Amino acid sequence: LLGVEIAKKLIGVKQSTGDLFTLPIILGMIIGRIGCFLSGVSEPTFGIETTLPWGMDLGDGLLRHPTSLYEIFFLATLGLLIHRSSQIFPRAGDAFKTFLIAYLIFRFFIDFIKPTEALALGLTSIQLTCLAGIIYYSKSIFRMSRELFQKKDIS
């Protein structure tokens, strides 16, 4: 995101360009998470131990949260929702922003059940990055919510 925004600024592109990439990015992430899941505990995105009935042995004899499967389900659901509701987005770029905001929120919370070390404030580097992204998009979150509810009031 940061690289794209810098490049757009350098070449003078002012309009949002992410909507066309939203569903392909989601598909690519799903494919990547399938790879993470198949790698088991040799890939550091696995979950912590759990006693929940859907805990899975990912290769080390312990029942763990299948965080890659959680993410695949989340991304597939999000992609379907964005695809089916593409007409409700008030402005160009809002589909991409919706995807990114939802993913950042999801990723912030899923990292609590991954065996990663806290960096600051009890949060991992990924969680801190997610918070930065959510703060970056906070103005868009409020604008899109306001415009969506205004649109519903008119209907």
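Taking region 58-76 as the region of interest, how many residues are open to solvent by 60 Å² or more (accessible area, probe 1.4 Å) and at pLDDT 95 or above?
The qualifying residues number 3.
Report, by residue number, each residue of region 1-47 that is open to solvent by 60 Å² or more (accessible area, probe 1.4 Å) and of a type in the set (S, T, N, Q).
Gln15, Ser42
Does any residue of region 141-154 turn out to be among the β-branched types (Val, Ile, Thr) and more than 24 Å from Ile25 (Cα to Cα)? So that I can check it myself, show each step before the final result.
As a first pass, look at region 141-154 and keep what is among the β-branched types (Val, Ile, Thr): 141, 154.
Add one more test, that the residue is more than 24 Å from Ile25 (Cα to Cα), and what stays is 154.
For region 141-154, residues among the β-branched types (Val, Ile, Thr) and more than 24 Å from Ile25 (Cα to Cα): present.
Being of a type in the set (Val, Ile, Thr) and open to solvent by 70 Å² or more (accessible area, probe 1.4 Å): is that true of Thr51 here?
Details: of a type in the set (Val, Ile, Thr): yes; open to solvent by 70 Å² or more (accessible area, probe 1.4 Å): yes.
So Thr51 passes the test.
Which pairs turn up if I take residues in region 115-126 that are of a type in the set (Val, Ile, Thr) and look for partners that are part of a helix (DSSP H, G or I) and open to solvent by less than 70 Å² (accessible area, probe 1.4 Å) with beta carbon separation below 9 Å, at least 6 apart in sequence or on another chain?
These pairs meet every condition: Thr116/Ser125; Thr116/Ile126; Thr116/Gln127; Thr124/Asp111; Ile126/Arg107; Ile126/Phe108; Ile126/Asp111.
Could you count how many residues in region 1-15 are farther than 19 Å from Ala132 by Cβ and among the small types (Gly, Ala, Ser)?
2
If you scan region 1-37, which residues turn out to be touching a residue at least 12 places away in the same chain (Cβ under 8 Å) and closer than 16 Å to Lys97 by Cβ?
So the first thing to find is which residues in region 1-37 are touching a residue at least 12 places away in the same chain (Cβ under 8 Å), and the list is 1, 4, 15-19, 21-23, 25-27, 29-30, 33-34, 36-37.
Hits for region 1-37 are Leu1, Val4, Gln15, Ser16, Thr17, Gly18, Asp19, Phe21, Thr22, Leu23, Ile25, Ile26.
Which one of these does Ile48 not meet: (1) out of contact with any Pro (no Cβ under 9 Å at 6 or more places or on another chain); (2) under 30 Å from Ile135 (Cα atoms)?
Going through (1) out of contact with any Pro (no Cβ under 9 Å at 6 or more places or on another chain); (2) under 30 Å from Ile135 (Cα atoms) one by one, Ile48 breaks only (1).
Before we move on, is Gly79 free of Cβ contacts under 8 Å to residues at least 40 places away in the same chain, open to solvent by less than 90 Å² (accessible area, probe 1.4 Å) and either out of contact with any Cys (no Cβ under 6 Å at 6 or more places or on another chain) or assigned to a helix (DSSP H, G or I) (or both)? Let's see the steps before the verdict.
Working: free of Cβ contacts under 8 Å to residues at least 40 places away in the same chain: no; open to solvent by less than 90 Å² (accessible area, probe 1.4 Å): yes; either out of contact with any Cys (no Cβ under 6 Å at 6 or more places or on another chain) or assigned to a helix (DSSP H, G or I) (or both): yes.
No: the conditions fail for Gly79.
Search region 51-76 for residues that are within 14 Å of Lys114 (Cβ to Cβ) and pair each with any residue that is open to solvent by less than 30 Å² (accessible area, probe 1.4 Å) and small (Gly, Ala, Ser) when their beta-carbon atoms are under 7 Å apart and the residues are at least 6 apart or on different chains.
Matching pairs, first to second residue: Leu58/Gly40; Arg64/Gly47; Arg64/Gly55; His65/Gly47; His65/Gly55; Pro66/Gly47; Thr67/Gly47.
The values are calculated or read from the model by the stated rules, or taken from the named source; none is laboratory data. All figures in this text were calculated on a predicted structure; none of them were measured in a lab. Virtual Cβ from ideal backbone geometry, glycine too; neighbours counted across all protein chains shown. Accessible surface is based on the protein model in full, side chains and every heavy atom, while ligands, DNA and RNA are left aside. Shrake-Rupley method; radii C 1.70, N 1.55, O 1.52, S 1.80 Å.
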